[in-house]
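Here it is, the structure, as structure tokens.
The values are calculated or read from the model by the stated rules, or taken from the named source; none is laboratory data. All values derive from a computational prediction rather than experimental measurement. In this analysis, Cβ positions are derived from the backbone assuming ideal geometry, glycine residues included, and neighbour counts consider all displayed protein chains.
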Amino acid sequence: MKFILGTKTEMTQFFADDGRAHAATVIKVSPSTVTQVKTATKDGYAAIQIGSGERNKRSIAKPQQGHFGDKGNFRFVKEFRMPEAEAGKYTVGDTIAADVFAANDTIVVTGISKGKGFQGVVKRHGFGGGRRTHGQKHSEREAGSIGGGGRAGGRVAKGMRMAGRMGSDRITVKNLKVLAVDAANNLLLIKGAVPGRRGTMVEIIG
């Protein structure tokens with residue numbers, strides 16, 4: 001099992017050997033450090049905890065400072081669950097870099113999608129809105145009826161599609177492909193789009 005943390009940088013074009021152009025996302029992968037190896041005996045499950053990025057030590061809580069020790073002042077900390085046999089291959093302090101992946105690897109990318117704030121039903125759910133003519137007034141983007149006495153006993157049914165907060169959800173995209181690896185600059189080029197804005201932290205699993 002391969003895994004690493006990175007930040008979304010930008011999108012670009014990648015020209016393959018056959019001349020075809022692919023939309024690609026550039027992921028900046030700062031080398032990750034193993035901060036803890038969890039076992040089923042001690043922790044109840046097997047996992048590898050890694051830290052990535054850097055931040056001011058004063059903004060890190062004292063318990064975390066003690067946990068990190070002299071390994072670094074990490075900005076991101078994530079766990080990756082795996083069979084205990086695989087977790088046993090790692091030791092605290094090991095470094096995981098971009099070269100853990102190779103071109104043509106199939107990966108799974110998880111990140112937080114762009115936040116879009118409070119949105120109406122047209123943008124949030126794709127509603128068509130009301131009629132624009134024949135006596136209608138100010139109803140271009142309204143939701144329309146949400147029920148009444150004949151539905152759900154006069155209350156709003158659970159799950160009704162209405163206006164509300166949109167985005168900022170944890171999104172997982174499967175079956176993405178690594179187009180190229182730049183180990184010298186710690187960059188991964190991933191085919192297609194991944195969740196989030198520029199600077200979003202993403203988890204990459206192979």
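Under 9 Å between Cβ atoms, which residue pairs at least 6 apart in sequence (or on different chains) link something in segment 182-206 that is touching a residue at least 24 places away in the same chain (Cβ under 8 Å) and closer than 16 Å to Gly111 by Cβ with a partner that is acidic (Asp, Glu) and not in a loop (DSSP other than H, G, I, E, B)?
Pairs found: Leu188/Asp182; Arg198/Glu10.
Among (1) modelled with pLDDT under 95; (2) among the basic types (Lys, Arg); (3) buried (at least 17 other Cβ atoms within 10 Å of the Cβ), there is one condition Arg20 misses while meeting the rest; what is its number?
Unmet for Arg20, out of (1) modelled with pLDDT under 95; (2) among the basic types (Lys, Arg); (3) buried (at least 17 other Cβ atoms within 10 Å of the Cβ): (3).
Could I ask something else about it? Search segment 154-187 for residues being of a type outside the set (Gly, Ala, Ser) and under 15 Å from the mean Cα position of the chain (by Cα), and hand back the single one that is nearest to Gly115 (Cα to Cα).
First, the residues of segment 154-187 that are of a type outside the set (Gly, Ala, Ser): 155-156, 158, 160-162, 165-166, 169-179, 181-182, 185-187.
Filter again for under 15 Å from the mean Cα position of the chain (by Cα), leaving 169-176.
Details: Asp169: 8, Arg170: 11, Ile171: 12, Thr172: 16, Val173: 17, Lys174: 21, Asn175: 24, Leu176: 23 Å.
Here the residue is Asp169.
While we're on this one: Go through Arg132, Arg58, Arg81 for me and flag whichever is surrounded by fewer than 16 Cβ atoms within 10 Å (Cβ to Cβ), modelled with pLDDT under 90 and among the charged types (D, E, K, R).
Answer to the selection: Arg132.
Would you say Ala46 is more than 25 Å from Ser113 (Cα to Cα), small (Gly, Ala, Ser) and loosely packed, with under 12 Cβ neighbours inside 10 Å?
Taking the combined requirement at face value, the residue does not satisfy it.
Looking only at segment 150-169, decide whether some residue is in contact (Cβ under 8 Å) with a residue 60 or more places away in the chain, within 30 Å of Ile27 (Cβ to Cβ), exposed (fewer than 14 other Cβ atoms within 10 Å of the Cβ) and in contact with a Pro (Cβ under 9 Å, 6 or more places away or on another chain).
No: zero hits.
Also, I was wondering about something else. Report the residue count in segment 113-165 for those that are within 27 Å of Gly196 (Cβ to Cβ) and in a strand (DSSP E or B).
Qualifying residue count for the region: 7.
Taking the options Gly6, Gly53, name whichever one is in contact with a helix residue (DSSP H, G or I) (Cβ under 9 Å, 6 or more places away or on another chain), within 24 Å of Val100 (Cα to Cα), of a type in the set (Gly, Ala, Ser) and touching a residue at least 60 places away in the same chain (Cβ under 8 Å).
Gly6
Is one or more of the residues making up segment 112-122 of a type in the set (Phe, Trp, Tyr) and surrounded by 12 or more Cβ atoms within 10 Å (Cβ to Cβ)?
So far as segment 112-122 goes, no, none of its residues is of a type in the set (Phe, Trp, Tyr) and surrounded by 12 or more Cβ atoms within 10 Å (Cβ to Cβ).
Suppose we keep only residues that are within 24 Å of the chain's Cα centre (by Cα) and among the β-branched types (Val, Ile, Thr) within segment 86-103. Which one would you say is nearest to Ala183 (Cα to Cα)?
Among residues in segment 86-103 that are within 24 Å of the chain's Cα centre (by Cα) and among the β-branched types (Val, Ile, Thr), the one nearest to Ala183 (Cα to Cα) is Val100.
Could you tell me whether segment 166-183 includes any residue that is part of a loop (DSSP other than H, G, I, E, B), more than 21 Å from Phe76 (Cα to Cα) and either of a type outside the set (A, V, I, L, M) or modelled with pLDDT under 95 (or both)? Steps first, please.
The initial filter retains those residues of segment 166-183 that are part of a loop (DSSP other than H, G, I, E, B), namely 168-169, 183.
Filter again for more than 21 Å from Phe76 (Cα to Cα), leaving none.
No, segment 166-183 contains no residue that is part of a loop (DSSP other than H, G, I, E, B), more than 21 Å from Phe76 (Cα to Cα) and either of a type outside the set (A, V, I, L, M) or modelled with pLDDT under 95 (or both).
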